[in-house]
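Take a look at the structure below.
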Amino acid sequence: PMALFSVFQTTFLLASLSLRTYQSEVWSEPLPWAPESLKVSINSTRQCLHLQWSVHNLAYHQELKMVFQIEISRIKTSNVIWVEDYSTTVKWNQVLHWSWESKLPLECAKHFLRMRSAVDDAKTPEQRFWSNWSSWEEVDVQNSLGHEPLFVFPKDKLVEEGSNVTICYVSRSQQNNISCYLEGVRMQGEQLGPNVSMFNLNHVAFIRETGTNIYCKVDQGDGIKGIVLFVSKVLEEPKDFSCETQDLMTLNCTWDPGRDTGLLKQLSQSYTLFESFSGKKTLCKHKSWCSWQVAPESQETYNFTLTAENYLRKRSVYLLFNLTHRVHPKAPFNVLFKNVSATNATMTWKVHTIGNYYTLLCQVDLYGEGKVTQHNISVKVDGEHLFGGLEPDTQYMAQVRCANANRFWKWSEWTCQNFTTAEAAPSEAPDVWRNVKSVQGDCVVTLFWKPLSKLQANGKILFYNIVIENLDRSSISKLLSIPAPANGTEVILDQCLYQIHVTANNSVGTSPASVIIVSGDPGNTEVEEERVKGTEDGFSLSWKPQPRNVTGYVVDWCDHPRDPLCDLQWKNLGPNTTSTVVSSGAFRPGVRYNFRIYGISTESVPYLLEKKTGYSQELAPSDNPQVVMSNLTSHSFTLSWKDYSTESQPSFIQGYHVYLKSKAGQCHSGWEKAVLSDDAVCCKYKIDNPKQKTFVVENLQPESFYEFLVTPYTSVGEGPHGAFTKVTTPDEYSPILIRIILPMVFCILLLMIICYLKSQWMKEKCYPDIPDPYKSSVLSLIKSKENPRLTIMNIKDCVPDSIEVLNKQEGTRKSLTETESTKPTYLYLLPTETSYSGPGPCICFENFTYNQAASDSASCGHVPVPPKAPPSQLGLLTSPENLPKSLEKNYMNSLGEIPAGETSLNYVSQLASPTSGDKSSLPTNPPEPALCSEYKMQMAIPLAPWKENWLSSQRIYKTY
Amino acid sequence: MQAQLLRRTLPSLVLGLLFLSTPAMGVCLDKYQELFGQLQKQTDIMQRTSLLLDPYIKSQGLDKDGLKEHCREHPGAFPSKDALQRLSRREFLRALHTTLGSVLHRLTALQRDVPKAQDLEMLNRAKQNIRGFRNNIHCMAQLLPDSSETTEPTPAGPATSPSPTPTSDTFQRRLEGCRFLHGYHRFMHSVGQVFQEWGESPSRSRRHSPRRGLRKGVRRVQLSRRNKRLPPRGQLPR
């Protein structure tokens, strides 16, 4: 069975082979219309293979639909990379063409191409089988490259952004290592052959207009080869394609070309305009518009195709329209204005004609005073329009444009022209207000007025006329003319009643008058001021309705109350109004604004109704008062800040806080403990009355250190906790001591001064000088006249005037009074003072009662001049009237200068001097004038027990 | 951007002012020192790469590592400094005049590869500067003793000589343009150095043989007036 099966199988195979051979012979029978004369060429720039061939054996004028199958292999014939069936109608003697674009540059690999054909025509259904393949056609460009060591392909290729590109290089040497770069970045390639590599670039991006640099370098050497890949952005379809005419002679077609492709000018796209009805075509010179000449009166409908085309892509748009529907008139011209008055003006213009039968619709717009008015006018050639109801002295802008009235397409461009209406007299009276002050019996009235608005002024205001009329003496009036742009003036009036008229004037006329009456009484009656609370939106003010008739109310205030020119503002309100909101952009937080509300009587006299004051926003005080400390004692001191103005503060002052820091840290009654921001603890006293600006800090410790601060407080906070003032209380006893010592010192000083001034008197009273008997002039007088021979005077012969013997214990002094009371009697023996003039012999009494020896040793000479005054006494000599006394005194003093050793004896008596004041008792033979009289020292009586006492008492003798 | 534009434009303006006193209208300055000073200043400005080379490199995308290194002057494309120094003054001026004539033509060819109007304007200004400089050279040659054979002033109009044969390969053309501009600036730098030597030794007059001087660097420079045509691109002095 196996052998049988084997024979059967062999037989079957042979039969099958025979059948296949037959079939093959039938199908591969040479077709009469097989492709012949194949020629292959390449386009390196486009990397295209061009194939051309022909089909023979076609009858004359025979046309046959055929299919050509084309195979392309790369590197070797067996590596088929492309198969394509190309169907076409073949004519007699026709050369057929076919192209294929290679992804890989053709220079980098051999390509092979062959083809066969089949008839695909209904007329010859029996011929529907393929012809034999043609022989392979080889395309090898590498052979023609030359002998350079390195080539990079494709050269200068132009691609669209985002496409894929294959780059390759061909190297002549296998030993070289070659690296390739895209804009400096190395690329990884794929080896195609021993000397060929390829690089696939996917989604290439646009880098620059001049293209992307791709280059390969031999690693060992300077060789560099490269290409520039021109990457184009995708060509867009033209947008907004439109055609229109202005004169029915030329069509102007415009479009938006879209984004730039970013290519060099020579590579950028071109635009072509094609009209299908006429078959005309024009190449546009510009990228966004093109002109088309209209055939005169021959064509109404146009069908345009606009084609944008560059090396890579072609885009077309279409447009079908009727010419008369696309009329876009030119802009009107020669726009003029005539008969321009304050409220009217006539505008004229001309239009460009479009054919003979066209009417234009023109639109006229008038802009002025923020409004626009629009008018439509039908125009053939010339247009005219009257503007009415215009504002005087106002600049208007008129513009006109036109369109085809029969079939609207587009308005023309606008043509604009400005004009200004004439001036007219001001239409409204100026808004006037006043401020009245009384200065030295006069009424100083400051008039304010608001400039008229443009609509009210009707022109440029040149000046304001002010007529002041005395209502008491109506015949007297005064006219003031204030040039613009002043907004106020000041007039001084007496206490009479005045009516003031204010008018505004421009070049055409005068406005209605604004009347205000000013009485001599400024009207500032004491109205209590109320506080109002402001907000960001302003101040809400209200007042009581007035029982008497009022024609309105006026609220005035200063926008800048802190400035000398406070910028007075006012607001007029109707008679039925009792509240308003005053708002101003000038209101600032922390500034107190004062509002006055006036009622205007029917006689136009304003009278003050209410006063309001407030802040738009209260702020905490920024400054503390300047505090003066006084009355500092060991237990208290007084603080005073009377200069602190509560009016000028950024909020209403409600009171003051007095802070006191002490080391003790204890607070007395009325004070409370407070913790400051720096965590310091102190005592705080609250003064609720903002008008109280003094405070006595009591209950302090002597010789203690304190710090205090006074700060105002308001509803929004208190003042800053700045520097505390330091104070130290004094010692407790110091004031008392000062109170005692100071008067004492003063008294002592006073006493000393008195003593000094009255020292002479004191001396006389308290310790007068004791006269020296030896220096008495009486002695010499007696000696020279009575007895030249000295004899001892018998005591019996002496008739003493008076003798006083002092006996006092040593060490006990007599007081002045006691001295006074003893009343010692002295001998006044000197000549009269008047007779004493100059040096002369002294008169000496010799008292022999005393020791002769002592007498001998005593000086009894002449004293030619008074002894020289000691320096301490010079001051007393300076006064002329004191001079005689001084001389006398000094003289006497000199007499008293007796050596202590020689004055150890007591004396008993001395003669009275003739100068004692009793001249009548003088002797008949008065002694010769002598410069001085001296007492000779008298002999001592040996009274031993008295001796010591007498010595001690000797010093108090004085002689006068 | 504006600063860059200013940096490019300012030197050209300065040059333009310098040229005001040059024989644009056919009148030469007869003051040697003044003319020489102008030539020196012009040379200083024309050797600045910011005037031509730098913007060219940037616009052509050659400012990348691996490419910049190849933007070097071809040896011999322009006369070397040594070659210029060996020339006598008259020969030097003639060589300079001729070389700059070639540069003018080459710049015209280069304009075709420059798409941006800004770069085109830059090249136009450079060409005007070169024309003015050549006129000054012409005047300087007249001031030299024995000026029987001098250079000719440069017409202000476009160059009439044929452009160098364009290479179909854009990349290679781009590189060549870059190398050319590099060589041009280097050449002007060498010219400036020669002028500096002139200033240091004003009375010195080189009398080397022109042939010897040109043997190395300016062998192919056309010195004769009768042959003013621009040599083909490959025949620029090497």
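The values are calculated or read from the model by the stated rules, or taken from the named source; none is laboratory data. Everything quoted here is computed from the prediction, not taken from an experiment. Here the Cβ is made from the backbone with ideal geometry for all residues, glycine too, and neighbour counts use every protein chain on show. Protein only, heavy atoms only, side chains kept; ligands, DNA and RNA dropped before computing areas. Shrake-Rupley method; radii C 1.70, N 1.55, O 1.52, S 1.80 Å.
Restricting A:Val696, A:Val681, A:Val675, A:Val658 to residues that are closer than 30 Å to A:Pro589 by Cα, of a type in the set (A, V, I, L, M, F, W, C) and open to solvent by 20 Å² or more (accessible area, probe 1.4 Å) narrows the list to A:Val675. Among the candidates A:Ser179, A:Ser173, the residue that is more than 60 Å from the chain's Cα centre (by Cα) and at pLDDT 90 or above is uniquely A:Ser179. Candidates are the residues of the range A:220-232 that are outside any strand (DSSP E or B) and either of a type in the set (Gly, Ala, Ser) or in contact with a Ser or Thr (Cβ under 6 Å, 6 or more places away or on another chain) (or both); the one that is nearest to the other protein chains (Cβ to nearest Cβ) is A:Gly223. Within the range A:178-202, the set of residues being part of a strand (DSSP E or B) and not polar (S, T, N, Q) comprises A:Ile178, A:Cys180, A:Tyr181, A:Leu182, A:Val185, A:Arg186, A:Glu190, A:Val196, A:Met198, A:Phe199, A:Leu201. Outside the structural domain of A:Leu201 (by the TED database) and not in a strand (DSSP E or B): is that true of A:Lys65 in this structure? It is false that A:Lys65 is outside the structural domain of A:Leu201 (by the TED database) and not in a strand (DSSP E or B). Checking each residue in the range A:684-693 for being open to solvent by 90 Å² or more (accessible area, probe 1.4 Å) and outside any strand (DSSP E or B) picks out A:Asp688, A:Lys691.
All of A:Glu183, A:Glu190, A:Glu209, A:Glu161 fail the test of being of a type outside the set (A, V, I, L, M, F, W, C), in contact with a helix residue (DSSP H, G or I) (Cβ under 9 Å, 6 or more places away or on another chain) and either open to solvent by 40 Å² or more (accessible area, probe 1.4 Å) or at the interface with chain B (Cβ under 10 Å from one of its Cβ atoms) (or both), apart from A:Glu209. Residue-level analysis places A:Lys673 among those that are among the basic types (Lys, Arg) and more than 30 Å from A:Leu573 (Cβ to Cβ).
The number of residues in the range A:570-588 that are modelled with pLDDT of 90 or more and either under 25 Å from A:Tyr498 (Cβ atoms) or within 23 Å of the chain's Cα centre (by Cα) (or both) comes to 4.
Restricting attention to the range A:413-429, does a residue exist that is more than 30 Å from A:Lys478 (Cβ to Cβ), in a strand (DSSP E or B) and open to solvent by less than 20 Å² (accessible area, probe 1.4 Å)? Yes; the residues of the range A:413-429 include at least one that is more than 30 Å from A:Lys478 (Cβ to Cβ), in a strand (DSSP E or B) and open to solvent by less than 20 Å² (accessible area, probe 1.4 Å).
Within the range A:378-396, being β-branched (Val, Ile, Thr), more than 56 Å from the chain's Cα centre (by Cα) and surrounded by 15 or more Cβ atoms within 10 Å (Cβ to Cβ) holds for one residue alone: A:Val379. Within the range B:62-99, restricting attention to residues that are surrounded by fewer than 20 Cβ atoms within 10 Å (Cβ to Cβ) and basic (Lys, Arg), which residue is nearest to the other protein chains (Cβ to nearest Cβ)? Restricting to residues being surrounded by fewer than 20 Cβ atoms within 10 Å (Cβ to Cβ) and basic (Lys, Arg), the top hit is B:Lys64. The set of residues from the range A:615-655 being open to solvent by 80 Å² or more (accessible area, probe 1.4 Å) and either acidic (Asp, Glu) or in contact with a helix residue (DSSP H, G or I) (Cβ under 6 Å, 6 or more places away or on another chain) (or both) comprises A:Asp623, A:Asp643, A:Glu647.
Checked across the range A:571-592, the condition of being out of contact with any Cys (no Cβ under 8 Å at 6 or more places or on another chain), among the basic types (Lys, Arg), open to solvent by 40 Å² or more (accessible area, probe 1.4 Å) and part of a strand (DSSP E or B) holds for at least one residue.
Please go through the range A:193-206 and give me each residue that is open to solvent by 30 Å² or more (accessible area, probe 1.4 Å) and more than 14 Å from chain B (Cβ to nearest Cβ), ordered by number.
Passing the criteria: A:Pro194, A:Asn195, A:Asn200, A:Asn202, A:His203.
Among the residues of the range B:37-55, those that are open to solvent by 10 Å² or more (accessible area, probe 1.4 Å), out of contact with any Leu (no Cβ under 8 Å at 6 or more places or on another chain) and in a helix (DSSP H, G or I) comprise B:Gly37, B:Gln40, B:Asp44, B:Asp54. Within the range A:688-700, the set of residues being in contact with a strand residue (DSSP E or B) (Cβ under 7 Å, 6 or more places away or on another chain) and under 24 Å from A:Ser634 (Cβ atoms) comprises A:Thr694, A:Phe695, A:Val696, A:Val697, A:Leu700. On the stretch given as the range B:170-198, residues that are surrounded by fewer than 18 Cβ atoms within 10 Å (Cβ to Cβ) and within 11 Å of another protein chain (Cβ to nearest Cβ) total 1. If the condition is being acidic (Asp, Glu) and either open to solvent by less than 50 Å² (accessible area, probe 1.4 Å) or over 46 Å from the mean Cα position of the chain (by Cα) (or both), then the range A:430-457 contributes only A:Asp431. Scanning the range B:121-165 for residues that are more than 23 Å from B:Leu181 (Cβ to Cβ) and modelled with pLDDT of 65 or more gives B:His138, B:Cys139, B:Met140, B:Ala141, B:Gln142, B:Leu143, B:Leu144, B:Pro145, B:Asp146. Among the residues making up the range B:35-61, a single one is among the aromatic types (Phe, Trp, Tyr) and away from chain A (no Cβ under 14 Å): B:Phe36.
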